[in-house]
Structures are given as structure tokens and as C-alpha cells.
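Working notes, structure below.
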Amino acid sequence: VSFRHAVELLRNDHFSLAASEPAPASVASPSPVPKRTTVKKLEVFAQADESDEAVLGRVADYYQETLSKTPEALGYLRERGLVHDELIERFRLGYSDRTLGYRLPDRNRKAGDVLRGQLQRLGVLRESGHEHFRGSLVIPILSEAGEVVGMYGRKIRKDLRSGTPMHLYLPGPHRGVFNVGALAESREVILCESLIDALTFWCAGF
């Protein structure tokens, strides 16, 4: 496996990396021959027979889990003044760190091929297999029923190649309304240029 995949496997198993005393040479057993398998050791995040909205919801959940483990992304929130105890949970904020593919069945298995095709059709994965939002803070956009029907991504690094878009949406027609709950709770609505701006207002009490 790749170095990054190995790190994810070790994190998943909470494997202890503490050194242990080697066995005496006279009783040391020969090293076992490593076995290769295409069955993933990491928990698969979605099944191949779920609706588009369910799969997008699972992607959002995975990105939210990733955000909690990424100091760089959490630091970006603080730099933007997006600090509130309920912010991440309320709006299901997440981060794409390019590890989603490790949670998919391999493409040489039917489930992996079908699920990858669905994620490419939705725009979560590009035709190259790369994540569309890699390196981005990800904000789900919901329907009135609370289903994830769209996503917005904001790159958090400043050392990107010239011309790299900083703001991303899923391809195709935009669906859903961000912070749809505000429409039911308030008589006044603040319309912002970007979702980051809207979050800033929300953290300030609007």
C-alpha cells in the first residue's frame, strides 16, 4: 500500500508503534511471507445500492470526521474567525484530505466499480479518480428535508498553483439552500457572497 494508505490503516487500528525487545537470535522465528489481498482493511463508508442523497450524506459525514483530525483545517477556521461550539456539528463542516478512496471497495470488485461510478457522476470524484474537493473545507448544502443535495468547497492553503480555483461546487445545477432553517426562523435574511461569509455572520449571532 502507499505511505498515506499505511498511515490510515495504522490510525484505524490504533496500532501501538512502541518498540519492543527483540527475541534472542537462537529462538527467533523466520519472518512470515506477507500476504496480499484486495479486500480493504478500512471500514467502507458507503454501499453501492444507496440513493444519491444517502451517498452524499455519507461523504459529508466522512469529511466531518476528517476535519476533527486535521489541525491545519481547524486552524483555518480559527483564522477566519469561525469559532463557535456548535458550528461544525450544526452545519456538518468537513475537510477533504484525499483519503476517501481508501474507504471504497477496490475497483476490481463490482461494489467498488459501481460506487466509484456513482461518486464520479455526482462530482465527488473526478474522472481521474481524484477527489473534487481535495484540500478544501467542505460545507454540505441541504434540501428542506435535510438531505445533502450539494456541496461547497473552499481551498485552505495559500501556496497553490496560479489559477487554481479557491471556491468549488459540485458540477451541474446547484440544488438546496444553505442554512435553510433561517428561512423558517427569521423574518429577515442576510444574503452573502459565499458560504464562508454566511458562517461568519452566524458565528457573530446573526
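The values are calculated or read from the model by the stated rules, or taken from the named source; none is laboratory data. This one's a predicted model, so the numbers in the text were calculated from it and none came from an experiment. Note: ideal-geometry Cβ built from the backbone for every residue, glycine included; neighbour counts use all protein chains shown. Calculation scope for accessible area: heavy atoms of the full protein, side chains included, ligands and nucleic acids excluded. Shrake-Rupley method; radii C 1.70, N 1.55, O 1.52, S 1.80 Å.
Filtered by the rule that a residue be under 24 Å from Leu9 (Cβ atoms), part of a loop (DSSP other than H, G, I, E, B) and more than 11 Å from the chain's Cα centre (by Cα), the range 86-120 gives Leu104, Pro105, Asp106, Arg107, Asn108, Arg109. Would you confirm whether or not the range 98-121 contains a residue that is among the aliphatic types (A, V, I, L, M), open to solvent by 20 Å² or more (accessible area, probe 1.4 Å) and within 21 Å of Arg175 (Cα to Cα)? Looking for residues that are among the aliphatic types (A, V, I, L, M), open to solvent by 20 Å² or more (accessible area, probe 1.4 Å) and within 21 Å of Arg175 (Cα to Cα), one finds none in the range 98-121, hence no. Go through the range 95-110 and give me each residue that's free of Cβ contacts under 8 Å to residues at least 60 places away in the same chain and hydrophobic (A, V, I, L, M, F, W, C). Within the range 95-110, Leu100 is the sole residue that qualifies.
Confirm whether Leu77 is in contact (Cβ under 8 Å) with a residue 24 or more places away in the chain and more than 24 Å from Glu53 (Cβ to Cβ). First the steps, then the outcome.
Working: in contact (Cβ under 8 Å) with a residue 24 or more places away in the chain: yes; more than 24 Å from Glu53 (Cβ to Cβ): yes.
Yes.
In the range 178-189 there is at least one residue matching the filter, namely being among the β-branched types (Val, Ile, Thr) and open to solvent by 70 Å² or more (accessible area, probe 1.4 Å).
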